[in-house]
């Protein structure tokens, strides 16, 4: 990172490592980490590239993925034709809501697999373990999100 403190550099790089460990592009994590701490909170693609010492192409690819994940948003800046980004308000909550929708899709897919392979105990055991865990999450997480929302609003 250009002209930033050791802490900022470490913070951003750690976000990159976290994303990489989950199978995502490290640049996605680096951008997210930088948008968490940068001042001002709205940054252009060029500013991100300079701050993260990254190519315009890698910034473009990663911001597109972060936009799809609904973690960041484009922001119009008066007098500028450049693309600017910032973290979305309640980005994590909205991201997790999308995860819940994906869980429901996976449960339906597993249900179809259980129906298809119901006479094969090995396959059923593998699929049932995933299905039961996902169903548990889908049942429990909405209440957790609601409690978090209330706690966040009371702050």
Least to most buried among 75, 12, by other C-beta atoms within 10 Å and fewest first, runs 75, 12
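Quote to one decimal, in nm, the extra length available between residue 68 and residue 146 on full extension: 0.36 nm per residue of separation minus the C-alpha distance between them. Mind dumping the intermediate values first?
Numbers: separation 78, 0.36 × 78 = 28.08 nm, distance 2.38 nm.
The span from residue 68 to residue 146 would gain 25.7 nm if fully extended.
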Per principal axis, largest first, the Cα atoms of the range 91-154 extend in Å by 52, 15, 12
So the FRET efficiency between residue 102 and residue 81, C-beta based with R0 = 22 Å and rounded to 0.05, is 0.05
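Tell me what the chain gives for mean residue ellipticity at 222 nm when only DSSP H runs of n ≥ 4 count, each as -39,500 (n - 2.57), the sum divided by the residue total, rounded to 500 deg cm²/dmol. Each step should come with its number before you reach the end.
Details: 6 runs with 109 residues, N = 155.
Only helices count here, giving -24000 deg cm²/dmol.
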Here, residue 6 and residue 37, labelled 7 Å along Cα→Cβ, have an inter-label distance in nm of 1.3 nm
Between the Cα axis of helix 91-116 and the main Cα principal axis of the chain, the angle (0 to 90°, nearest 10) is 30 degrees
The value for the chain (convex hull of the alpha-carbon atoms, volume per residue, Å³) is 149 Å³
Reduced to Cα centres, the span from the range 19-41 to the range 125-154 in Å works out to 25 Å
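Please state, as a whole number in µm²/s, the translational diffusion coefficient that the Stokes-Einstein equation yields for the range 6-87 at 25 °C and 0.890 mPa s, with Rh defined as the Kirkwood radius across alpha carbon pairs.
Numbers: Rh = 12.5 Å.
After rounding, the answer is 196 µm²/s.
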One finds, for residue 130 and residue 20 with R0 = 25 angstrom and r their Cβ-Cβ distance, a FRET efficiency to the nearest 0.05 of 0.55
Tilt, helix 6-21 to longest principal axis of the chain (alpha-carbon atoms), in degrees rounded to tens, equals 30 degrees
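Just so you know, all these numbers are worked out from the coordinates, no wet-lab data involved. Computed from a predicted model, the values in this text were never measured in an experiment. With ideal geometry, Cβ positions are generated from the backbone for all residues, glycine too; neighbour counts draw on all protein chains shown.
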